[in-house]
Ligand code: SF4
């Protein structure tokens, strides 16, 4: 979502100030750090990066003409405190306030100093944004922001605010513009995307499944994905959409966080391990090629060895195709930060290493199982593996590198998978 927001900020400043994105900070007049607050490490990285970039620019610009701005969830959570830790920062704004940047830049030009905007609603922002300038085969469109679930470890309800769904007509209009600009894959984004609920102009209620069907009706849409979903907000209509909507890719990122019911309860996740297990089974029944991804937190307060072993057992049972795993990071204002029975750091680190060993092994085994398959690949970009190579994704969201003319970027091609690697596949153009 931060990548999406950064693109919209660029659209906005292009319209208001004729600005364009440059490739290195030392050729910029305005530097925006669009931040994440989900883990402590991300927040600390902001301050070290601010210092590093500031020092680099001082060599070029000793009088300090460059404007520094901090946006995103650290901006929202820390507000004016950022000016104390990094006094050269000029602007601070939250994720729902970036539409105010043009006004803030005007105020700064008129002599204003240390301006902070952190109190708008998502609806204000979307009403003020210009048409998306997105170009390229894969386009993200935010359809929902914020969250009402208040998992006990999570800052999202405090930084992105309460759940809000973007009106159907706005979503469809942005999808249409992206398609006109050459997109063939649409990714619908939300912090809790399957909680999407909004009216269309005829006062008909749309949930995510209905919205997906509407997007799929647009002629040039070849692929649709959505991220990130909550297990308690899954429903049968969404399941049916995987069976019936040809453009909906068989890929679901469905975080579980732990394989222990007592830890899930302490996390206030609102679902059990068995509920998750049933959804994983239903999804694989409805679409045998379903790629399932998840998130895990280890070392949550009170997590015992037995709880952790339950997580390992679940990982072996579900055999996730991909997963993000993290050590618990206490975040300000969240219930988990003040819970007793915090797990010692060393124990948490040891558990994380063990979990990642399991996840990586299974991911590699699953990737190797793809060898010999013929896949439809949407070619997204040139490959980091060198010239003459391109990178695309399968419908199941696996990355595939293969030799091809870069002229095929943006097209669907048929590729035979010839090798399964830890994080990607190698293929051969058919
Ligand atoms: S559902 Fe996701 S975004 Fe919402 S509070 Fe829980 S972890 Fe955070």
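The values are calculated or read from the model by the stated rules, or taken from the named source; none is laboratory data. Because the structure is a prediction, the values reported are computed rather than measured. We place every Cβ from the backbone using ideal geometry, glycine too, and count neighbours over all the protein chains shown.
One line per residue, one yes/no per condition, for (1) in contact with a helix residue (DSSP H, G or I) (Cβ under 7 Å, 6 or more places away or on another chain); (2) farther than 21 Å from residue 149 by Cβ; (3) modelled with pLDDT of 95 or more; (4) buried (at least 16 other Cβ atoms within 10 Å of the Cβ):
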position: 289; (1), (2), (3), (4): no, yes, no, no
position: 306; (1), (2), (3), (4): no, yes, yes, no
position: 314; (1), (2), (3), (4): yes, no, yes, yes
position: 324; (1), (2), (3), (4): no, no, yes, no
> Would you say residue 198 is part of a loop (DSSP other than H, G, I, E, B) and either touching a helix residue (DSSP H, G or I) at 6+ places or on another chain (Cβ under 9 Å) or within 16 Å of the ligand (Cβ to nearest atom) (or both)?
Replying inline: no
>> For the range 169-178, check the following and say yes or no: at least one residue is outside any helix (DSSP H, G or I) and either buried (at least 21 other Cβ atoms within 10 Å of the Cβ) or within 16 Å of the ligand (Cβ to nearest atom) (or both).
In response: no
> Out of all the residues in the range 141-161, which are part of a loop (DSSP other than H, G, I, E, B) and either more than 8 Å from the ligand (Cβ to nearest atom) or in contact with a strand residue (DSSP E or B) (Cβ under 7 Å, 6 or more places away or on another chain) (or both)?
Replying inline: 143, 146, 152, 153, 160, 161
>> Out of the residues in the range 11-36 meeting the condition of being within 22 Å of the chain's Cα centre (by Cα) and surrounded by fewer than 17 Cβ atoms within 10 Å (Cβ to Cβ), tell me which one is farthest from residue 139 (Cα to Cα).
In response: 21
> From the list 119, 124, which residue is outside any loop (DSSP other than H, G, I, E, B), surrounded by fewer than 20 Cβ atoms within 10 Å (Cβ to Cβ) and modelled with pLDDT under 95?
Replying inline: 124
>> Against the condition more than 17 Å from the chain's Cα centre (by Cα), in a helix (DSSP H, G or I), away from the ligand (no atom under 16 Å from the Cβ) and without any contact (Cβ under 8 Å) to a residue 12 or more places away in the chain, how does residue 214 come out, does it pass?
In response: no
>> Quick check on the range 44-63: of everything there that is touching a helix residue (DSSP H, G or I) at 6+ places or on another chain (Cβ under 8 Å) and surrounded by fewer than 20 Cβ atoms within 10 Å (Cβ to Cβ), which residue is nearest to residue 2 (Cα to Cα)?
In response: 47
> If residue 246 satisfies every condition in (1) assigned to a loop (DSSP other than H, G, I, E, B); (2) more than 16 Å from the ligand (Cβ to nearest atom); (3) surrounded by 20 or more Cβ atoms within 10 Å (Cβ to Cβ) but one, which is the exception?
Replying inline: (3)
